[in-house]
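Let me begin by presenting the structure, written as structure tokens, before commenting on it.
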Amino acid sequence: MLTTGVLAQEMTPAHEELRDRAMTYFTPQNLATWRHTPDGFIKKETWVEFGRHGFLGVSLARKLGGHGLGTLGGIIINEALSQLEDAGLTLGMHVQNEIACFWLGSARDTSLKKRFLPGLLSGELVGCTCDTDLSGQADSLAFRKNGQLVLQAQKAYIVNGANADLCFVSVLLEDKLATVLVEKDRPGVRILKTYDKFGTRAIDSVLIEFDGVRVPESHVVSQRGLQQLLHWNMVMTRARFFIAADAYLIHCSLLAHILGYGTRRRIGHLPLASWPINRHALARACSDLQLMEAGLADGYQRMETKAGGVPEIAALKWFCVERATEFAALCCDLEGGAGYMLDSRALQAYAQLRGLRMAGGSQVTMLTIANGSLAWRAGLPPSAPSSAEPKGGGRG
């Protein structure tokens, strides 16, 4: 765990108290009572329970109504949620706590903040971010008409979409990218499909249509310009940092599992973990874990000091998720025939990591951001930093 390891010195009594409560609360037994069906996503009323127990707005500043426990508070929630062995609820929490709350906390129109942020913090309102356009579909657009905005869009793979009350929709407004707040109960908003997912099943992912939806012009949370770009980078970089931590936690748990399994399982006269080819692979997994910890410790300081780090965190997310996914696939092989059974610990971890590969931007998007920006800093082609992400980057 990060909070008992490389970040232990950052813990305060308030953080310790939060960790004790969260580790006791987020258990597989409780998750079973929160779901619609045994393998389904959580019920909407569960968000109110999360708010009542003080697990929403953990990292948000106190002046905005949050708990003011910063990035470390978010990591504590990550670690507690990792006990569930289903990364879906973790992704849902990132959207609610680190994206929706932060979008509203910095909204240009303070009336939006006053009207909606308390509901997000209490769990009475659930937020979702609608970024990913379906491939081959028309651009998501908004235009002004009679003092209102009219939206026309379809957005795919939207985490929290089924339970959401508020949608933060990315559209082109006057040829500039903008984020517009849309209440989901407005006429023209429809859920077209709820996806049946391989992993991260504790949270829903949906296809949402915005067909001629009208909202006040004041619902533009931000519009592309330098300020919007900086804010977008800050919010998405925070989300990617936490997703990197999710991958680290899965890798850590899976490493402990497979080392135990490989010691007990014998082939011939040797434990499975002692075969030279496996010993090398497991040593690399241990090294990767140490590199992840070092990267997350550096990323934590960047989050706390607001020292930028868009390409560095993109690279961190890529590394943690990529190496953890590769290791999970290897563990499936090491488990032999058990590795492709539904109750396989390794296969379940692999399923969760497949979801993390797309969350916060695909792995290809992470490499594009990291390589483009770092090359620009070094004075190499391309000649400008990668400030805009590829369309349809899977950020739903």
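Tell me the relative contact order for the chain as a rounded percent, counting alpha carbon contacts under 8 Å between residues six or more apart.
Working: 706 pairs, mean separation 61.3, N = 396.
Relative CO of the chain lands at 15 percent.
Magnitude of the Cβ-charge dipole of the chain, K/R +1 and D/E -1, about the Cα centre, nearest 20 debye?
Rounded to the nearest 20 debye, it is 340 debye.
Assuming 0.890 mPa s and 25 °C, estimate D for the range 207-302 with Stokes-Einstein, Rh taken as the Kirkwood radius over Cα pairs, in µm²/s.
Values: Rh = 17.6 Å.
Once the numbers are plugged in, D ends up at 139 µm²/s.
Please provide three numbers in whole Å: the alpha-carbon extents of the chain along the principal axes, with the largest listed first.
80, 54, 44
Cα convex hull of the range 249-327: how many Å³ per residue? Each step should come with its number before you reach the end.
Details: hull volume 5.8 nm³, N = 79.
Hull volume normalised by residue count: 74 Å³.
Determine the calculated [θ] at 222 nm for the chain from helices alone, applying -39500 (n - 2.57) to every DSSP H run no shorter than 4 residues and normalising by the residue count; nearest 500 deg cm²/dmol. If you can, show how the numbers build up before the last one.
Values: 12 runs with 187 residues, N = 396.
Taking each H run of at least 4 residues, the total per residue is -15500 deg cm²/dmol.
Among Lys113/Lys155; Lys184/Lys306; Lys145/Lys306; Lys43/Lys63; Lys155/Lys317; Lys113/Lys176, which pairs are too far apart, with a Cα-Cα distance over 27 Å?
On the way: Lys113/Lys155 24 Å; Lys184/Lys306 33 Å; Lys145/Lys306 38 Å; Lys43/Lys63 30 Å; Lys155/Lys317 23 Å; Lys113/Lys176 23 Å.
Over 27 Å Cα-Cα: Lys184/Lys306; Lys145/Lys306; Lys43/Lys63.
Can you give me the angle between helix 226-264 and the longest principal axis of the chain, using Cα atoms only, in degrees from 0 to 90, rounded to the nearest 10?
Computed tilt is about 20 degrees.
Expressed as a fraction of 2.2 N^0.38 Å, the rule-of-thumb size for a compact globular protein of N residues, what is the C-alpha radius of gyration of the range 84-173? Before the final figure, lay out each step's value.
Working: Rg = 14.3 Å, N = 90, 2.2 N^0.38 = 12.2 Å.
Against the compact-globule rule of thumb, the ratio is 1.18.
Students often forget the sequence filter, so: which aspartates and glutamates lie under 14 Å Cα-Cα from Lys44 once same-chain residues fewer than 8 apart are removed?
Of all the aspartates and glutamates, those that pass the test against Lys44 - Cα under 14 Å, at least 8 places apart if same chain - are Glu124, Asp165, Asp204.
Across the Cα atoms of the range 31-85, what radius of gyration and what greatest pairwise Cα-Cα distance (Dmax) are found, in Å?
Radius of gyration, then largest Cα-Cα span, for the range 31-85: 12.9, 39 Å.
Apply the Karplus curve 6.51 cos²θ - 1.76 cosθ + 1.60, θ = phi - 60°, to the phi angles in the range 339-346 and return the couplings in whole Hz, x for Gly and Pro.
Result, ordered by residue: x, 10, 8, 4, 8, 5, 4, 5 Hz.
Which value, in Å², gives the accessible area per residue of the chain when a 1.4 Å probe is used on the protein heavy atoms? Mind showing how you got there, number by number?
On the way: 16880 Å² over 396 residues.
Ligands and nucleic acids excluded, the result is 43 Å² per residue.
Please quote Rg/Rh for the range 1-155 to two decimal places, taking the Kirkwood radius as Rh and restricting both calculations to Cα atoms.
Details: Rg = 17.7 Å, Rh = 17.2 Å.
Result: Rg/Rh = 1.03.
Separation of the range 37-96 and the range 140-163 by C-alpha centroid, Å?
If we compute the Cα centre of each part, the gap is 26 Å.
Report relative contact order for the range 295-351 in percent, whole number only (criteria: Cα-Cα under 8 Å, sequence separation at least 6). List each step's numbers first, then the result.
Numbers: 32 pairs, mean separation 12.5, N = 57.
22 percent.
Output the direction-averaged projected area (hull surface divided by four) of the convex hull of the alpha-carbon atoms of the range 145-270, in nm².
Numbers: hull surface 44.6 nm².
Hull-based average projected area comes out at 11.2 nm².
When the accessible area of the range 118-186 is computed with all protein chains present and a 1.4 Å probe, what percentage of it is carbon and sulfur? Provide the component values of the computation, followed by the final result.
Values: 1280 of 2660 Å².
About 48 percent, which is the carbon plus sulfur part of the accessible surface.
The values are calculated or read from the model by the stated rules, or taken from the named source; none is laboratory data. Please read all numbers here as calculations on a predicted model, not as lab measurements. Neighbour counts run over all protein chains shown; Cβ positions are idealised from the backbone, glycine included. Accessible surface is based on the protein model in full, side chains and every heavy atom, while ligands, DNA and RNA are left aside. Shrake-Rupley method; radii C 1.70, N 1.55, O 1.52, S 1.80 Å.
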